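Data block below; observations after.
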2 protein chains.
Amino acid sequence: MASDEDQAASFSAEQYFATQPPPPSLEADIVRVQEFVLRQRAAKRKVVLVTSGGTTVPLELNVVRFLDNFSAGTRGATSAEYFLKAGYAVIFMHRQFSLQPFSRHYSHSTHPFLDFLDVDAEYIEVKSAERPQLIEVLKAYKQVQKAGTLHSLTFVTVNDYLWLLRAISKELYPLGRNAMFYLAAAVSDFFLPRQKMSEHKIQSGKGSLHIEMDQVPKILKPLVEEWTREGYIVSFKLETDNALLIPKARAALARYGHQVVIGNELHTRKYQVVFVSPANGKPAQAENEEELDPSKFSETWLRIDLAVNPAKEIEEDIVAELVRRHQTWAADSS
Amino acid sequence: MASDEDQAASFSAEQYFATQPPPPSLEADIVRVQEFVLRQRAAKRKVVLVTSGGTTVPLELNVVRFLDNFSAGTRGATSAEYFLKAGYAVIFMHRQFSLQPFSRHYSHSTHPFLDFLDVDAEYIEVKSAERPQLIEVLKAYKQVQKAGTLHSLTFVTVNDYLWLLRAISKELYPLGRNAMFYLAAAVSDFFLPRQKMSEHKIQSGKGSLHIEMDQVPKILKPLVEEWTREGYIVSFKLETDNALLIPKARAALARYGHQVVIGNELHTRKYQVVFVSPANGKPAQAENEEELDPSKFSETWLRIDLAVNPAKEIEEDIVAELVRRHQTWAADSS
């Protein structure tokens, strides 16, 4: 754990939570998560926490400006649907206004539902071309509502995200190996401590803008070591430089000791990803990233051919692969 | 024009456009705007350009992180509907995925349309409680589509915004006093010149993040003085400190010489705004903001009482007031 990276971080997770205030809705949010988890345990369902969308870093207390991470929430919203289809209960913790399971098929920008409704006096009709897909989506949606297997809650800032992740992971603890963490949210690596924030809108007209931010604590560390000890943990690496994908995924596994890193490159992420995992149990920790032994890791590429099947979603294959691996993991618990 | 603010700005508008590349879709976007404006001129309609939503400032060429301005696009999307109702043709230039006229009533987060559809075998029905509003929204939407009075186009970055604003204002030039600019978008005051951007995702783990940004040129200046000479220009000031609202609005009018600044404070903007305008023609320019003569300006507050009428939208009154003022302005052209 003595890498340069960790030494440079100015906040440990513990220090972070000791100095940054919890979001006002945290307690109410967690009561609802508790109720949801109790019902799923009673039904003996596996539960996956899916995080989705980008987190913000507000620059002002009265927020006008913020740093954000690019993410529409497609990966998370789509995966949540496939987890539900596979029989999982899903806690869908997403960025406010990011895509959600089911409604994601009807983006107001690319597939607005007002366009496929006809109105004639007092009668509204769905255009026939749109009917089959809408019926399918609606049926799946109503079924999930009836079964009570989807619980959604939202975050905006990286601070909301960190507090929620910690609190929810503690609620999932009693599930042991039947819990999965699918951490698809695009979480900021940096934040502005509340103590350094400007109260009002930063005024322009004083020349250039200087921002200096601190590092967000590496949250996977306490998640793996303390908050959950048996949950199956899937993290994501998004890079724009393909050459960094596998080395960075391996380094994360060595550093945190979790189960899978799914690597994806910004421009190809809709049709190829790589699963990186320890070849046998946990890989040995190395003093620095260059010393990692490649034979301690296994890589599995998933690719789909959109030219052959343009409607195929790679999340279907990602989830199928994870359900298989999670099955093995849960059976190994003895 | 010799205020400290202007001296601190590192880019004039001219320098900006000479050094920052246009968005790839600019030409195609403008061809469609041209066609739209031609049709509206033939129909002798007034045209309003409504800008809406926040602009981003990408920190990387392959965008993962960006600075953003808080705005869901409510003001712009709502106002666009009322302008359409008042007989205007609307160019709705908005941030990708921000709220849009008509569909804004059915946010996937707060009023998801899947929730008010029932499905029974192959038959989809709208729940009766939702029918009256949906019929009303749909009728207004279909009527606008039929009349061809709404043209939407999108921006993401502040660079997209600046190039589009310049190009569209030139297309509106021939309309003379029949054009209005309703600049409700939350535009960044700062940007990162392309020449300073990092190609790939900024790597974390190297300690804190430092960002230094340049000032965006004050675009109202060339808009008022060069791109349009007779268009009716409405700009917005959003502040979190109420005491700054009127002084900053007055300063903007003195600096740019346009018609109205609508001031709004972050927490009260849904029910009160202030129109600030020159009392008689253009206010004299002062050497600095403190020297401005208050008698040269007039202020009109608009307030609505949401306790009395919770469904009332303040944009209805804002647009009604502007339509009146624009009418006078257009009649004055001789």
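For the stretch B:1-130, give the share of DSSP beta bridges that are antiparallel, in percent and rounded to the nearest 5; count only bridges with both residues there.
Details: 7 of 13 bridges.
If we restrict to bridges inside the stretch B:1-130, about 55 percent are antiparallel.
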Sequence of B:ARG177, A:ARG229 once ranked by neighbouring C-beta atoms within 10 Å, starting from the fewest: A:ARG229, B:ARG177
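Going by how many other Cβ atoms sit within 10 Å of their own, how do A:TYR123, A:TYR88, B:TYR182 line up, fewest first?
Starting with the residue having the fewest Cβ neighbours, the order is A:TYR123, A:TYR88, B:TYR182.
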Separation in nanometres of the label points that stand 7 Å from Cα toward Cβ, at B:HIS267 and B:THR300: 2.9
Kyte-Doolittle mean at least -0.5 and Cα axial length at least 20 Å: DSSP H helices in chain B: B:26-42, B:158-172, B:314-331
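Report the far tail of the P(r) of the stretch B:93-155, meaning the percent of Cα-Cα pairs longer than 18 Å. Intermediate results must be reported in sequence, preceding the final value.
On the way: 959 of 1953 pairs.
When every Cα pair of the stretch B:93-155 is considered, 49 percent fall beyond 18 Å.
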GNM flexibility winner over chain B from B:LEU59, B:LEU209, B:LEU117 (Cα, springs under 10 Å): B:LEU209
Centroid-to-centroid separation of the stretch A:129-147 and the stretch A:260-332 [C-alpha atoms, Å]: 30
Counted charge near B:LYS139, where neighbours are those whose Cβ lies closer than 15 Å (Asp, Glu -1; Lys, Arg +1): -4
Chain lengthening between A:SER107 and A:GLN327 when straightened (0.36 nm per residue, less Cα-Cα): 75.8 nm
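When a footprinting reagent is the concern and you count Cβ atoms within 10 Å, what order do B:HIS151, A:HIS94, B:HIS267 take, fewest first?
Numbers: B:HIS151 20, A:HIS94 25, B:HIS267 9.
Lowest count first: B:HIS267, B:HIS151, A:HIS94.
Using just the helices of the protein assembly as shown, give the 222 nm mean residue ellipticity in deg cm²/dmol: DSSP H runs with n ≥ 4 each add -39,500 (n - 2.57), and the total is spread over all residues, rounded to 500. List each step's numbers first, then the result.
Details: 16 runs with 206 residues, N = 668.
That comes out to -9500 deg cm²/dmol.
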Stretch in chain B that is longest and holds no GluC sites (Glu not before Pro) that DSSP places in a loop and that have at most 11 other beta carbons within 10 Å: B:1-121
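What net charge do the residues around B:SER128 carry, taking every other residue with its C-beta under 13 Å from that of B:SER128, with Lys and Arg at +1 and Asp and Glu at -1? Walk me through the intermediate numbers first.
Values: positive: B:LYS127, B:ARG131; negative: A:GLU122, B:ASP118, B:GLU125, B:GLU130.
Combined, the nearby Lys, Arg, Asp and Glu give -2.
Any read-out appearing in this document is the output of simple, stated calculations on the displayed coordinates, not a laboratory observation. Bear in mind that the values here come from a model prediction, so they are computed numbers and not experimental data. A quick note on method: Cβ atoms are made from the backbone with ideal geometry, for glycine too, and the neighbour counts reach across all protein chains shown.
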